[in-house]
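This report refers to the structure that appears directly beneath it.
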Amino acid sequence: MHQTQWTAVDDYLEHQLIPQDAVLDAILKHSDAAGLPSINVAPNQGKMLMLMAQSIQAQRILEVGTLGGYSTVWLARALPKQGRLITLEIDPHYATVARQNFAQAGYQDLIELRLGSALESLEQLAQEGLPPFDFIFIDADKENNTRYFEWALQLVRVGGIIIVDNVVRSGAVIEADSPDSRVQGVRRLMERIAQEPRVQATAIQTVGSKGYDGFALIHVIA
Ligand code: SAH
Ligand code: DHB
Ligand code: MG
């Protein structure tokens with residue numbers, strides 16, 4: 001049982017549960033044509049993010065790591081008309097493609113992309129004193145996961161949700177001596193979460209069209 005089967009099962013689940021979607025298809029097509037890597041969440045994962053944000057009636061969402069804006073648009077669909085989504089991206093080319101995708105999809109008023117290092121953008125966001133976010137999706141450079149988590153704790157409301165993508169990395173997360181800085185980034189995050197009394201957290205392994213990985217689900221309780 002391996003990648004071929006995981007992909008076939010994802011195809012089946014998507015066929016059953018996720019209607020053909022011209023807007024999201026166009027985002028992937030345009031991102032691919034513009035040379036972006038296809039490291040976006042899978043459709044069933046994107047819909048899970050939307051459902052999670054919907055289930056807490058999120059009005060304000062923050063995303064760290066935009067790429068072409070595929071996960072961003074899934075998340076934006078959870079929002080009411082007066083909602084707001086801020087997404088952070090360091091790569092100018094990716095940001096241009098994402099902004100085009102948002103405009104094409106009709107989300108340019110709901111979504112604000114901030115170009116630059118996410119750490120700097122997060123500091124800026126904190127200084128602006130905006131109302132807190134209900135839902136935060138962390139999906140950027142894994143080396144900075146712990147720093148992003150610290151900022152997320154500052155920027156999220158009590159009762160809010162933080163999701164961190166890619167915390168299993170084909171199982172490499174258990175390799176304490178891994179030379180992969182992304183694996184070490186995930187391991188530091190796990191240790192940090194474990195000693196944080198303001199949250200309750202779990203992590204789930206996933207297989208599917210995007211391989212073997214996983215996500216952490218963090219509920220901010222104080
Ligand atoms: N969330 C997207 C995928 C994001 S891929 C989706 O599922 O559709 C990770 C993204 O994080 C890439 O676009 C990468 O350029 C961006 N990134 C990497 N380091 C970053 C940094 N320091 N600040 C902001 N964005 C960063
Ligand atoms: C990578 C990043 C992601 O956000 C992802 O979902 C898969 C892979 C990567 O950097 O390799
Ligand atoms: Mg990811």
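Tabulated data for the structure shown
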read-out: Residue, nearest to the chain's Cα centre (by Cα), within segment 157-183, restricted to residues that are more than 16 Å from ligand 1 (Cβ to nearest atom) and charged (D, E, K, R); value: R157
read-out: Condition met for G211 (more than 14 Å from ligand 3 (Cβ to nearest atom), open to solvent by less than 50 Å² (accessible area, probe 1.4 Å) and farther than 20 Å from N144 by Cβ); value: no
read-out: Residue count, segment 165-187 (criterion: β-branched (V, I, T), under 30 Å from S55 (Cβ atoms) and in contact with a Lys or Arg (Cβ under 9 Å, 6 or more places away or on another chain)); value: 3
read-out: Where a residue in segment 97-126 is at positive phi and its partner, wherever it lies, is open to solvent by 50 Å² or more (accessible area, probe 1.4 Å) and among the hydrophobic types (A, V, I, L, M, F, W, C), with Cβ under 9 Å and at least six apart; value: G106/V23; G116/I90
read-out: Segment 12-32, residues that are open to solvent by 90 Å² or more (accessible area, probe 1.4 Å) and of a type outside the set (K, R); value: Y12, H15, Q16, L17, P19, Q20, D32
read-out: Segment 37-64, residues that are within 12 Å of ligand 2 (Cβ to nearest atom) and open to solvent by 10 Å² or more (accessible area, probe 1.4 Å); value: P37, S38, I39, N40, Q45
read-out: Matching residues in segment 102-145 - criterion: being farther than 28 Å from L24 by Cα and within 16 Å of ligand 3 (Cβ to nearest atom); value: E143, N144
read-out: Filtered residues of segment 72-99 (kept if surrounded by fewer than 23 Cβ atoms within 10 Å (Cβ to Cβ) and polar (S, T, N, Q)); value: Q82, T96
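The values are calculated or read from the model by the stated rules, or taken from the named source; none is laboratory data. Here the structure is a predicted model, which means the values were calculated and not measured. Please note: Cβ atoms are built from the backbone with ideal geometry, for glycine as well, and neighbour counts cover all protein chains shown. Ligands, DNA and RNA are excluded from the accessible area calculation, which covers all protein heavy atoms including side chains. Shrake-Rupley method; radii C 1.70, N 1.55, O 1.52, S 1.80 Å.
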